[in-house]
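The values are calculated or read from the model by the stated rules, or taken from the named source; none is laboratory data. Predicted model, so just to flag it, every value in this text is computed and none were measured. Cβ atoms come from the backbone with ideal geometry, glycine included; neighbour counts cover every protein chain shown.
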Amino acid sequence: MTLAEILGSLFPDGHSVTVQDGLVAGSGPFAGGNLAIVGIDGDTPLGVDGALTLARSVLDTVRAGGRTPILVMVDSDSQRMSRRDELLGLNECLAHLAKALLLADRSGHPTIGLIYGHSAAGAFIATALATRILAALPGADPSVMDLPSVARVTKLPLDRLKEMAKSTPVFAPGLDNMVATGAVHVVLDPQKPLNGQIGNLIAELDSGDVRDRLGAERGGRPVARAIAEAVVDQARGG
Amino acid sequence: MAGDRAASTDPDALSWYEATARQRVVALADPGSFREVLPPTERRMSPHLPLFDLPRAFDDGIVVGRATLDGSPILIAAQEGRFMGGAFGEVHGAKLVGLLRAALELKPKAVLILFDTGGVRLQEANAGETAIAETMRAIVDVRAAGIPVVGLIGGRAGCYGGGGLIAGTCSRLAVSEGGRISVSGPEVIETNKGAEEFDSRDRALVWRTMGGKHRRLTGGADAFCADTVSAFRHAALDLIDQAPSFDLETLEAEQARLESRIARFGDCRDATDLWRRLGVNDPETVPAMDTDAFAATVARIREADHDAR
């Protein structure tokens, strides 16, 4: 689905969401209140400027109070790779955006990510992965790194990596693999209205971080949950 | 045991950059106080690396446990940059996440994270990326519970990729000259954008753009240490007592701080231009300054010290 189609399905009575330089902001009427929208569209790389613009929107919603949920729409490139961005502290700006979303969630504003296109690496961590619950639409393409780049770094032939990717979700790009590791909680049905589906997600929010449990149940991250629990047990014990 | 040999090493003489993760932890904590959790004897190794015909480490490249620092209980994690560049794999990341979750229950004086990482381990990319997101959420939970999370950065792998984002989530950061903090590494930028954008072989450029001195001058880090374990220990003790709270006020202040940085320095091509505009008199001399001279320079820069993190 395109951003316009998604917004149409979320807000059949209209909305104030705009896109400027690939950055999405606005809101619309939702379930008797409002739903705040922030995001990044059009495979746009996320640099220092964009990260601060999005964080500003999120903090404005928190300061306004109430319990307005925040939907983070994601169709981005990776972080913007440039000398300027690193000189200006891209790590601080991306972390700041993630912290703003985590603060919002802690402050009673449920945060939901919706990935409908690409996203990768630092941009993915600072946006979609910083929400309480991450939903996806079919066709979404999250990744850490594309397979040709993985081949270059790992010095393994691309054909062999493609073969391994079929049975090993832990390293291969793509939506199914991110679902298996628990990073993506749920894939939505584009044939049904999105407002109801998003509303249900907000109504059924888990407390705490359930991603390692999902990863264990789905087999994409077989040991993470057990390891984290063992650390907690041993740290408590001895 | 290797740990006992490391404990006998003089923290004043032990180079942080050269030390292993386990040596750093043992020498940083109060003598004899470190108790490792999931130690190498338990052999909790990566289930994925054999697929790539790669050797595994019994601790998956991270040391976690309990210790005391100046008599107060702390939790501590140290990445081993010599094993796969300290990168986040499934087990590696889960050990850090577990330690942070334990902090919510044990309420230590602080959690210390000794970063030494190139970012996500590509052979386990999805697990590593997700673990980084879990770590950031857990750090926020720990900070919101009033427990400082302090990052120490001075290892050979630096603090790159998702490691840079985790560092940006901490309450406070200490760096040394050798500490580099960045999202995209020099080679990644060069591979994607060309050597005109970033020549990764130009080491001086790498240090100026991502190194500890640049981060300290711009307020990206809160303390600058000589390259010894004792210097990092002193910095950690100082920073634990000055941790900003995690709330809307802090993040509003960080928003203003970062917006101001981009407005003032967004057109700077090189770190040297930026340092001059910050008020450093002889910016060309910064890379060669010793720790004392650099401390005197930092003391004159308003942007270096703040609670907006």
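Remarks
- Residue count, segment B:27-66 (criterion: part of a loop (DSSP other than H, G, I, E, B) and either facing chain A (nearest Cβ under 7 Å) or under 27 Å from B:Val229 (Cα atoms) (or both)): 16
- Scan of segment B:72-84 for residues that are under 20 Å from A:Ala224 (Cα atoms) and touching a residue at least 40 places away in the same chain (Cβ under 8 Å), ordered by number: B:Ile76, B:Ala78, B:Gln79, B:Glu80
- Among residues of segment A:75-101 being touching a strand residue (DSSP E or B) at 6+ places or on another chain (Cβ under 8 Å) and at the interface with chain B (Cβ under 7 Å from one of its Cβ atoms), the one that is farthest from A:Val62 (Cα to Cα) is A:Met81.
- Only one of the listed residues (A:Leu114, A:Leu101, A:Leu134) is buried (at least 19 other Cβ atoms within 10 Å of the Cβ), out of contact with any Cys (no Cβ under 7 Å at 6 or more places or on another chain) and part of a helix (DSSP H, G or I). That residue is A:Leu101.
- Unmet requirement for B:Gly158, which otherwise passes all of (1) surrounded by fewer than 24 Cβ atoms within 10 Å (Cβ to Cβ); (2) at pLDDT 95 or above: (1)
- Filter result for the condition that a residue is at pLDDT 95 or above, within 24 Å of the chain's Cα centre (by Cα) and either small (Gly, Ala, Ser) or buried (at least 21 other Cβ atoms within 10 Å of the Cβ) (or both), over A:Ala165, A:Ala224: A:Ala224
- Only one of the listed residues (A:Ser9, A:Ser27, A:Ser16) is polar (S, T, N, Q), without any contact (Cβ under 8 Å) to a residue 24 or more places away in the chain and out of contact with any Phe, Trp or Tyr (no Cβ under 6 Å at 6 or more places or on another chain). That residue is A:Ser16.
- For segment B:230-246, the criterion of being surrounded by fewer than 22 Cβ atoms within 10 Å (Cβ to Cβ), away from chain A (no Cβ under 13 Å), over 17 Å from A:Asp85 (Cβ atoms) and among the polar types (S, T, N, Q) is satisfied by at least one residue.
- Filtered residues of segment A:80-98 (kept if crowded, with 24+ Cβ neighbours inside 10 Å and small (Gly, Ala, Ser)): A:Gly89, A:Ala95, A:Ala98
- In the condition set (1) surrounded by 15 or more Cβ atoms within 10 Å (Cβ to Cβ); (2) on the phi > 0 side of the Ramachandran plot; (3) in a loop (DSSP other than H, G, I, E, B), B:Tyr17 is compliant with all but (2).
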